[in-house]
Amino acid sequence: ELDAKIADLEKDRNKKVETNLIVLNKQLSLISTLLDSHIIWSKALNKIENLLQPQVQFLSFSATVSDNKFEFKALATNYTVVAKQIATFTSDDSIKDVALTNVHVLTSGKLEFNLKIEFDKTKFIKE
């Protein structure tokens with residue numbers, strides 16, 4: 001009698017629906033993982049803005065998620081401002097490394113420079 005009930009239940013199963021539900025569950029799990037590790041760019045950009053010295057002006061800005069890097073070309077009024085900018089970035093726990101390159105004085109007297117910032121992406125992902 002139990003075997004007959006099990007056989008009836010097996011016959012009533014919709015294996016195509018079950019397979020589709022399993023696939024959907026796996027897809028939802030993958031999407032959830034992606035969303036949990038998604039960088040919230042507004043949070044990252046707000047952090048950079050808050051750390052930016054008032055005498056520094058961006059000329060260009062880019063971010064590379066795969067390298068966890070921000071890169072920008074900027075202008076500063078003098079070397080002290082550039083040094084303060086580097087110190088401000090390095091003192092923040094969301095920034096792992098800062099590299100200064102291509103510093104040169106313009107005819108206006110301002111300094112043009114490039115900074116590469118390696119960030120800790122765990123500080124900018126969904127909470």
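The values are calculated or read from the model by the stated rules, or taken from the named source; none is laboratory data. In this text the structure is predicted, and so the values were computed from the model without any measurement. No Cβ is skipped: glycine too gets one built from the backbone with ideal geometry, and neighbour counts run over all protein chains shown. Accessible surface is based on the protein model in full, side chains and every heavy atom, while ligands, DNA and RNA are left aside. Shrake-Rupley method; radii C 1.70, N 1.55, O 1.52, S 1.80 Å.
So here's what we get for this one:
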{"read-out": "Test: Glu71 is acidic (Asp, Glu), without any contact (Cβ under 8 Å) to a residue 24 or more places away in the chain and not in a loop (DSSP other than H, G, I, E, B)", "value": "no"}
{"read-out": "Set Asn50, Asn68: member being touching a helix residue (DSSP H, G or I) at 6+ places or on another chain (Cβ under 6 Å), within 23 Å of Thr122 (Cα to Cα) and either at pLDDT below 85 or open to solvent by 100 Å² or more (accessible area, probe 1.4 Å) (or both)", "value": "Asn68"}
{"read-out": "Condition check for Asp8: at pLDDT below 85, assigned to a helix (DSSP H, G or I) and open to solvent by 100 Å² or more (accessible area, probe 1.4 Å)", "value": "no"}
{"read-out": "Tally of residues being assigned to a strand (DSSP E or B), farther than 15 Å from Ala83 by Cβ and of a type in the set (A, V, I, L, M, F, W, C) across segment 106-120", "value": "2"}
{"read-out": "Which listed residue is in contact (Cβ under 8 Å) with a residue 12 or more places away in the chain, surrounded by fewer than 16 Cβ atoms within 10 Å (Cβ to Cβ) and more than 21 Å from Lys121 (Cα to Cα), from Gln27, Gln57", "value": "Gln57"}
{"read-out": "Extreme residue, most open to solvent (accessible area, probe 1.4 Å), among residues of segment 91-124 that are among the hydroxyl-bearing types (Ser, Thr, Tyr) and at pLDDT 90 or above", "value": "Thr107"}
